[in-house]
1. When a/c is below 1.5 the answer is rounded, else prolate if a/b is larger than b/c, else oblate, so apply that to chain B with a ≥ b ≥ c taken from the square roots of the Cα gyration tensor eigenvalues.
2. Identify, among A:A215, A:W256, A:L196, the residue whose Cα sits farthest towards the positive end of the charge dipole of region A:178-259, taking +1 on the Cβ of Lys and Arg and -1 on the Cβ of Asp and Glu, with the dipole about the Cα centre.
3. So for the protein assembly as shown, taking the charge dipole from beta-carbon charges (+1 Lys/Arg, -1 Asp/Glu), which of A:G168, B:G218, A:T60 sits furthest toward the positive end?
4. Cα convex hull of chain A: how many Å³ per residue?
5. Would you please give the FRET efficiency between B:F232 and B:N91, computed as 1/(1 + (r/R0)^6) with r the Cβ-Cβ distance and R0 = 22 Å, to the nearest 0.05?
6. Can you list residues from other chains, or at least 5 along the same chain, whose modelled amide H is less than 5 Å from the amide H of B:R87?
7. Just want the answer: with Cβ charges of +1 for Lys and Arg and -1 for Asp and Glu, which residue in A:S240, A:G130, A:F230 is farthest toward the dipole's positive end in chain A?
8. Could you check which residue among A:T57, A:T252, A:T166 shows the biggest mean-square fluctuation in a GNM of chain A with a 10 Å Cα cutoff?
Amino acid sequence: MSMHTSHRRRFGVTSAGLLGLAVLAIVLPFGLNAGQLTTATFVLIAAIGALGLNVLTGYTGQISLGHAFFLAVGAYTAGVLGGNDHLTALIWLPAAGVVAALCGALVGPTALRLRGLYLAIVTIGLVFIGQHIWFNVPAISGGPGGRSFPAVAFGPFDFSAGQQLTIGGLVIDHNGLYYYLALIILAAAMLFVWNLVRGRPGRAMQAVRDREIAAAIMGVDLARTKMSAFVISSFLTGVSGALYASYLSFATPGQWSVLLSVQYVAAIIVGGIGTVWGALLGSIVIFALPAVLQSLIPQSSSGGLPIDDLTSIAYGVLIIVFFVLEPHGIVGLGRRVASLWSRIGLRPGKGGGLSQEAQSIENRSEATWAG
Amino acid sequence: MTPSTTPMLEVRDLALRFGSVTAFEDLTFDVGRGELFAVIGPNGAGKTSLFNVLSRAYVPTAGSVRFDGADLLRLRVSALAGAGVARTFQNLGLFGELTVLENVLIGRHHLMRSGTLRSGLWLGYARREERRHRAAAMEALEFAGIGRHAHVPTGTLPFGIQKRVEIARALAMEPKLMLLDEPVAGMSVAEREEITALVRRLHHERDLTLLLVEHDMGMVMRIAQRVLVLDFGRIIAIGTPAEVQRDERVIRAYLGEELEPALAEAPR
């Protein structure tokens, strides 16, 4: 009985924490200035893509540096359908995910033949092929000079710059609308991935990551598992790319470079490889970094180093530090703190520590929203 | 022939060569339904290679294998589990970052149906299926005596416990045939006794055919119903433990090795 209540309590603490986080995320825009809100919105949009990368690389172990390609595919799907053909965002936003997912399904089979660094190199190739297309097919990308992208607009909602929405006296501007849209999509995606990795398909992905042969002997279909990881990952990435371009409203082919892929890889390493929250936490660090550095260091006193170079150096340092010291990123750090905390809490020698582990199975699935 | 009289495993003229090196050849034997069958032999005799062929990790050079009446060599690796073959690994084939329970649930992957959408959206079907199979996985863990480790990351557990996780996972696969690759290798005497008892219970309490590869002669002679002895990739004897222990060629193959003391200690 007592172990039951302790489980309940932990579940309660977790739900309270989640509720607090949700409230914080909802009121946050009202506490930020326009520049900070823009940064926060970019972070949420990027986190959707980083979550996609974590499905592929973190959970399934397929190292990809092709993320910039899938972001671009999503962005240009939005550009063509929304900008050229004037379709509503209700169509171009999901379509961006679907088209990127189809590209993922085409690339997926290479992962059946190639592993580790070889797959990483092939996926870099994807970025170069993409850039070649983006620079040379103006009908899609506007050519080297770039193109504009449609603002999200559906029904009464218009996300164009200068527009605003008033709900019961609260004014939500263009930045705020994008912020909330990205927040909703990110939350849904996190919940989806969370369910996935706790269930049959996600276990298969992690088994493939840890030991391919053993996974196959357990009955896991390697081709199918890698394929679905590619499809889910590129869907989320395509949606993220479309939102990103739409929020930017203008992008050039040069933006979809390998450096962009590297930023996403850095985000999941810093946040936590193979974790749901790591995608968000890492995106906060990586994609808010330039803005934070800019505000901390006055341009004149940076010793002649442009902010861009400083952030590149910071990415490098962060990747090395986390790889060496905490391979599970910020989430790993959090788990350490949590286990330290619970060890302190449990010290007044209660028996039944073991039976608590054997605690019934339903409780477990709802117990920890910590990974 | 009715299915019930077909042997569980029929191996005919099986050979495996790597270039000019022969791992084994001319292997012909049957494993009966419900039998506890052991394959023994000195180091390098071809035991593990045979296992790798039976679990479709290696493609044999010649010969045939029929499992439960069907051609085993036509199955893809990932279809083996569904056909009813489970195996454990000598050097552990566990997924270290997953918990013990999750490892055992991977064993039930082929019995479950929820795909990406049903799991991701956490629909009723996926929830019910997950609950049912978690219960079955827990049951397998309890059978192996490691229920209390269910929620521990597998990689952090000692070797002896991890070996039990492997057996529990193979059991959770609900196989007809279980291949056990050196289940007591690298274990202390006490651990060996526990695993031996566990294998015996697997055989007695579950409707399983067991094929065991083992180095530990004492264990094999105590629990196996029939023993096949390999030496330099060929069968030199096959029969009951008592028959095999009297075989001239077996004694010669093991001379100076561990058989003689093992014979002395093995009860009749």
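1. On the way: a/c = 2.01, a/b = 1.47, b/c = 1.36.
Prolate shape, in that a/c is at least 1.5 and a/b is the bigger ratio.
2. Final value for the positive-end residue is A:A215.
3. Farthest along the dipole direction, towards plus: A:G168.
4. Dividing the Cα hull volume of chain A by its residues yields 176 Å³.
5. Once rounded, the FRET efficiency stands at 0.40.
6. B:L179
7. Of A:S240, A:G130, A:F230, it is A:F230.
8. Highest fluctuation among the options: A:T166.
Bear in mind these aren't lab numbers, they're just calculated from the coordinates by the rules spelled out. Just so it is clear, the model here is predicted, and its values are computed rather than measured. Neighbour counts are summed over all protein chains in view; Cβ atoms, including those assigned to glycine, are modelled from backbone coordinates with ideal geometry.
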